[in-house]
Amino acid sequence: MNLRQGRIGNQEAVAMAFLSCIACGVFSTNTKLTYAAGNGSYLVSAFSATLSLLLVTVVAEGMRRARCKNLAQLYRYAFGPVLSAPAAFITLIALIYAAAMPLVRLLMIMNHYIYILDNVQNVALYLIPCVLTLAWMGLEIIGRTARLFFVVIVLSFFVALIIAIPAYAPYRLYPLLGNGLASTARLSLMGINRFFPALIGLFICGAGVHGVNSSLRCASIAAFGGGLVVVVIQLLLGMTFPYYILSDIPAPLYRLTMALPSGSMFLRADKVLLFFWLLSGLVTAGYFAYSGALLFSGASNMRDIRPASAAVALTVCSVALMGQLNLSAFHAAVSFLQDKVWALLVLPPLLAAVLAMLKKRGAA
Amino acid sequence: MERLRKHGLRGLFTFDRQPAEFELLETEHGAPSFWGGWNERARDAADDKGTSAHVAASVEANRARLRAELRGQINPDLILRPFLFAGHIPALAAFLNGMADETLINDFILRPGMRCKPPDCAAKERAQYALNRVFTMQEAELTNVWQDAKCAVEEGRTAVFLDGDDHAVLMDTRGFVSRSVSSPRNENVILGPHEAFTENIRTNITLLRRIIKTDDFVCEFRKSGGKNNNRIAIVYREGVVNRTLLNEVKRRFASVDTLMVLSVGMLEQFTEAHPYSPLPQSLSTERPDRASALIMQGHVGVLCEGSPLCSIMPATLFTLMSSGEDAYVRQPVGALMRLVRYTGALLSIVMPAYFLALALHHQGMMSGEVLSTIIASRSMVFLPLAVEMIFLLLTFQLLREATISVPGSMGQSIGIIGGLILGQAAVSANIVSKVVLIVVALAGLGNFTIPDYSMQLAVAYYRMALVLAAWAGGLMGLACAILITAALLSALKSYGVPFLAPAAPKVASKGPAFLRGRLKMHLRPSDPLNTEGRGA
C-alpha cells in the first residue's frame, strides 16, 4: 500500500482544517444569494459551522461504533464493497467542488485586479504545480505546510480587518437577523459546504490523524476557530458595506482592504495580502484533493494513491480554470450544483454512519 | 529523484512500492539488529579468495603474507623487524615507518621483548604472556583476525607475531606529525572557547571528552568503508541517544563502500537519504563546544581521521541556523541575534525575487517615487532587468568562491576589490543599475548572517529558483514557488527526523524554535530526537 499518509500531529491536523475552513468560508460564499435581502452572513456562517460540526460528530459516532479508522472503511462497512465506490465518488465530486470554489474566486480576483492584461489561463497554470505537489506528496506534507503557514495566513486575514477599522459602522448591519429565519436556515444548510469538507477531510485521513477521537477533537477546534474567524470577517464586512452593495461585490474581503485609501496605500496591503490568501486556497485545494483521492482509493480498494491524487489535483485546477472561462454548460452545472452540493457532501457519510449504527456492533 | 535514478522512467509509473525511507517514529524502542560492517565484509572477501582470515602460528608465514599484501618488496615504508623473543623464540614486529613512533617501539617493545625471561607457558599462549608481562604499552590488545592485524599496521600501530601462537599483539605506537589545536577558521565567536578540531581523530575525541565528562559518553571506532581504510569514530551518549537513531546511523555508515573517504563531508553524502537536496542533512562543525552541546542533547557525532570537522546528525533547520555564540550571550541579546539572523536569511532568499516581481509585473504596487528612482537608475542599462539580476547574483557567487579559494588577506582584498571596483565599474558601464546592485548586495549580506556554510550555499540555490519563478509569474509565481519550496522542505528528513521540526511537525518542545529562550529551556535533550532518557 502506498497511500502517502504517514502520521500527523494535532497541530498539523488543526492547521490544515482551520485554514480550509477560512478559505472556504471566506472565498466560497455565494455573495448574490447570501447578501440578497439583508446582511445575515455572519449568522449564517456561525450556524453552518455548528451544523457541520454536529454532522461530523454523528459520522464520528458511526465510525466509532463500527470500529473504523477512516471514512473509506466506514463506507465499505456500511455500503458493502460494491456500493462503497460510487458513494466515495459522490463525496469526491463534492470535495472537488469545495476545493475548486476558493480557487475560482481567488483566480478571478487575480485576473481582475492584479494580472489585468494577462490571459486567465496563464495565471491558472501556476496553480497546477502547487496543488499537484501537495496532493502527490501526501498528508504529512500537507499538514506540515499548513502548520508552517498557519500563523502568517491567519494574521494576513486579521491585517485586512485591522486596516479597515475606520470604515466600520455598526448601523450597516441592519437588518440584524438578515433575510429572516427561513432564509437564514436555508442559507445555513447551503453553507455547510463551506465548513463540512474541511472537517470530514480529517475523518477521511483518520488513520493518519491518530484515529476517530483525535480527528473529532481536531475537527472541533478547527470548526470553532475557523468558524469564529469567518464570522468575524463576515461581521466586519457587513459593518463596512451595506448588504445591497455586498451582493454585487464578487470579492468583498479584497474590497475591504480598499475601503480606505490609506489602507490600500499601506505597503499596497490589498495586493500583498491576496497572495497570502492564495496560499490558504492552495493548501485547501491540496488537502481536499488528497482527501478525495484517499477516500476513493480506500473505498475502491486501490493500493496506490498517486494516480488518483494526481487526477483529482488536475481536475481541481481544471475546474478552477473553467470557472473563469465563458463555458455555458459548465456554469449551468455549477449553478445547478451550488445549492445542492451540501447534500452531496453530507448524505453519503451521514447515511453510512446511520447504517453503521444500525448494524450489529463490532461486525466490522 | 532516487527512484528515477535507480529505475529510470519506469520507476515513475510503478505502483505499490512503499517508499523505503527510514523514519524515526516516536513509538520506536529497543535495538534493531545491527546489519554488519566493513570488517565482516572484508573477512568474507578474504574467505572468498581462499586465504585464511586468521593469523598463522608461524612467524615466517605471517611475515610472507604481510610482505605480499602490503607490497613489502616495493614498499620500503613497511618495516618487518624479526627478533628473538626472550632470546630464543622467533618473533616479528611489523609497523610502518613514519606512521609509528620509533622510540616507543625500541623502548617498550623490542628491548623488553629481547631481554625478558623465557615464558613458562604453552606455545599458543605466548602472545597473552607477552601482553601481560613483557610489552609495557598502555594500549594493547590481542587478535587472531588477520584483517585487524593488517589494518593496525596500516594505521601506524605495531603488530608483534610470536612463533607458535596464532595471535598477534597489537600496540598503539602511532606517532605521526599532526597539526596542533588552533582557533576555528570559519566559526569564530567572541565569548566562547577558541579551540577547533584538528585532523587527528584522537585529539578530536580528547577535545570532546574534555567537555563531556560523563560516564555515558561513548566513542565507537570503525572503518569508514573507503578502500583507503580511514577510521571514523561515532560518538554519542549511551542511554540518552535514541537507539533506533543510533542503529540507523551505524547501518548507513556500515553500508558505505567506496574508493576513498577523506572527510566527513564525503561520508555525509554517502549516508544522507536525500542526496539531491541542496540542503545539508547533517551539521558539520569545527567547534568542540558546539559538537559537545549537541551530543549532550542526544545527537550522534561522527569524526573522521584527517578531517577537522565533526558531523552531527540529525540536523534540523533550527540546528543549522543556531550559532556557537547563542548560548554564551544573555537571553535578550541572543534572541535579538537569532531574529536578525532569520530576517537576514529571509531577506537573502526572498528580496531579489520580490523586487523583480514588483518591478516586472506589479509596477502599480510601488509608489511613484520608488518607480521613478528605478526607471532613472535603469535609463541607460541595456540588459533586461531579470537578466541583470541573475547576472549580479552569479557575480556575487563568483566573488564569494574567489574569496574562499584564495588565502586569507588576499581573499579579503579580492572581496573588497570585487565589491567596490567591479560594482562601480558595472554601474558606470551601464551593465547594471544601482538599485539592483543594492538589492543583490543586501541579499548577499543577509546570506552571510547564516552560520552554516552548507546552508549559505543552499540558500543561494533557492534564491535563484525564486528569482526565476518571480521572473516568470510575478508575485503569483513567487507565492507558488514559496509554497512548493515549503512543501519540499516539509518532506525532507535528516536521519528520520523532519527537517522543520520542532516547527512542522510541532513536537512537545517547550523551548522556542526561532528565538533563544531562557538557558534552562535549552539545557535538555532535544525533543524531535525522542531521546531515551528525557531528563538526562
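The values are calculated or read from the model by the stated rules, or taken from the named source; none is laboratory data. Predicted model, so just to flag it, every value in this text is computed and none were measured. Positions of Cβ are backbone-derived with ideal geometry, glycine not excepted, and every protein chain shown enters the neighbour counts.
Would you check which residues across the stretch B:231-271 are part of a loop (DSSP other than H, G, I, E, B) and among the polar types (S, T, N, Q) and list them?
Filtering the stretch B:231-271 for residues part of a loop (DSSP other than H, G, I, E, B) gives B:238-242, B:255-257, B:259-263.
Scanning the stretch B:231-271 gives B:Asn242, B:Ser255, B:Ser263.
Scanning the stretch B:476-487 for residues that are within 8 Å of chain A (Cβ to nearest Cβ) and either farther than 11 Å from A:Phe275 by Cβ or among the small types (Gly, Ala, Ser) (or both) returns B:Gly477, B:Ala479, B:Ile484, B:Ala486, B:Ala487.
I'd like the full set of residues that are more than 8 Å from every other protein chain (Cβ to nearest Cβ), of a type in the set (A, V, I, L, M) and surrounded by fewer than 24 Cβ atoms within 10 Å (Cβ to Cβ), limited to the stretch A:135-152. Those that are more than 8 Å from every other protein chain (Cβ to nearest Cβ), of a type in the set (A, V, I, L, M) and surrounded by fewer than 24 Cβ atoms within 10 Å (Cβ to Cβ): A:Val151, A:Val152.
Conditions tested, residue by residue: (1) of a type in the set (Gly, Ala, Ser); (2) surrounded by fewer than 20 Cβ atoms within 10 Å (Cβ to Cβ).
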{"residue": "B:Arg157", "(1), (2)": "no, no"}
{"residue": "B:Leu162", "(1), (2)": "no, no"}
{"residue": "B:Ala168", "(1), (2)": "yes, no"}
{"residue": "B:Gly175", "(1), (2)": "yes, yes"}
{"residue": "B:Ser178", "(1), (2)": "yes, yes"}
{"residue": "B:Arg185", "(1), (2)": "no, yes"}
{"residue": "B:Ile190", "(1), (2)": "no, yes"}
{"residue": "B:Glu195", "(1), (2)": "no, yes"}
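Of all residues in the stretch A:1-46, those satisfying the criterion of being more than 14 Å from every other protein chain (Cβ to nearest Cβ) and of a type in the set (A, V, I, L, M) are A:Ala17, A:Ile22, A:Val26, A:Leu33, A:Ala36, A:Ala37, A:Leu43, A:Val44, A:Ala46. In the stretch B:333-343, the qualifying residues are those that are over 25 Å from the mean Cα position of the chain (by Cα) and touching a residue at least 24 places away in the same chain (Cβ under 8 Å), and the one that is farthest from B:Ile190 (Cα to Cα) is B:Thr343.
Scanning the stretch A:251-274 for any residue that is within 30 Å of A:Tyr75 (Cα to Cα), away from every other protein chain (no Cβ under 14 Å) and out of contact with any strand residue (DSSP E or B) (no Cβ under 6 Å at 6 or more places or on another chain) turns up nothing. When B:Ala491 is tested against (1) farther than 21 Å from B:Val300 by Cα; (2) buried (at least 24 other Cβ atoms within 10 Å of the Cβ), just one condition goes unmet, and that condition is (2). Among the residues of the stretch A:212-219, are any under 14 Å from the mean Cα position of the chain (by Cα), crowded, with 20+ Cβ neighbours inside 10 Å and within 18 Å of A:Phe150 (Cα to Cα)? So far as the stretch A:212-219 goes, yes, one or more of its residues are under 14 Å from the mean Cα position of the chain (by Cα), crowded, with 20+ Cβ neighbours inside 10 Å and within 18 Å of A:Phe150 (Cα to Cα). Inside the stretch A:290-322, can you point out the residues that are in contact with a helix residue (DSSP H, G or I) (Cβ under 7 Å, 6 or more places away or on another chain), assigned to a helix (DSSP H, G or I) and within 13 Å of another protein chain (Cβ to nearest Cβ)? Those that are in contact with a helix residue (DSSP H, G or I) (Cβ under 7 Å, 6 or more places away or on another chain), assigned to a helix (DSSP H, G or I) and within 13 Å of another protein chain (Cβ to nearest Cβ): A:Tyr290, A:Ser297, A:Arg306, A:Ala308, A:Ser309, A:Ala310, A:Ala313, A:Cys317. The residues of the stretch A:118-131 that are surrounded by 21 or more Cβ atoms within 10 Å (Cβ to Cβ), more than 8 Å from chain B (Cβ to nearest Cβ) and under 30 Å from A:Gly206 (Cβ atoms) amount to a single one, A:Val131. If you go through the stretch B:457-475 and keep only what is without any contact (Cβ under 8 Å) to a residue 40 or more places away in the chain and either under 22 Å from B:Gly423 (Cα atoms) or facing chain A (nearest Cβ under 8 Å) (or both), you end up with nothing.
Take B:Glu154 and decide whether it is touching a residue at least 12 places away in the same chain (Cβ under 8 Å), within 20 Å of B:His54 (Cα to Cα) and outside any helix (DSSP H, G or I). Break it down into steps so the answer makes sense when it comes.
On the way: touching a residue at least 12 places away in the same chain (Cβ under 8 Å): yes; within 20 Å of B:His54 (Cα to Cα): yes; outside any helix (DSSP H, G or I): no.
Spelling it out, it is not the case that B:Glu154 is touching a residue at least 12 places away in the same chain (Cβ under 8 Å), within 20 Å of B:His54 (Cα to Cα) and outside any helix (DSSP H, G or I).
For the criterion of being in a helix (DSSP H, G or I), modelled with pLDDT under 95 and under 25 Å from A:Ala308 (Cα atoms), A:Val44 fails. The residue that is surrounded by the most Cβ atoms within 10 Å (Cβ to Cβ), among those in the stretch B:84-118 that are of a type in the set (A, V, I, L, M) and in a helix (DSSP H, G or I), is B:Ile109. Residues that are assigned to a helix (DSSP H, G or I) and touching a helix residue (DSSP H, G or I) at 6+ places or on another chain (Cβ under 6 Å) do not occur anywhere in the stretch B:298-314.
Can you confirm whether A:Ile165 is surrounded by fewer than 16 Cβ atoms within 10 Å (Cβ to Cβ), within 11 Å of chain B (Cβ to nearest Cβ) and at pLDDT below 95? Against the criterion (surrounded by fewer than 16 Cβ atoms within 10 Å (Cβ to Cβ), within 11 Å of chain B (Cβ to nearest Cβ) and at pLDDT below 95), A:Ile165 does not qualify. When B:Arg81 is tested against (1) at pLDDT 90 or above; (2) assigned to a helix (DSSP H, G or I); (3) of a type outside the set (A, V, I, L, M, F, W, C), only condition (2) is not met. Counting only residues that are in contact (Cβ under 8 Å) with a residue 12 or more places away in the chain, among the aromatic types (Phe, Trp, Tyr) and over 23 Å from A:Ala15 (Cα atoms), the stretch A:286-340 holds 1 of them.
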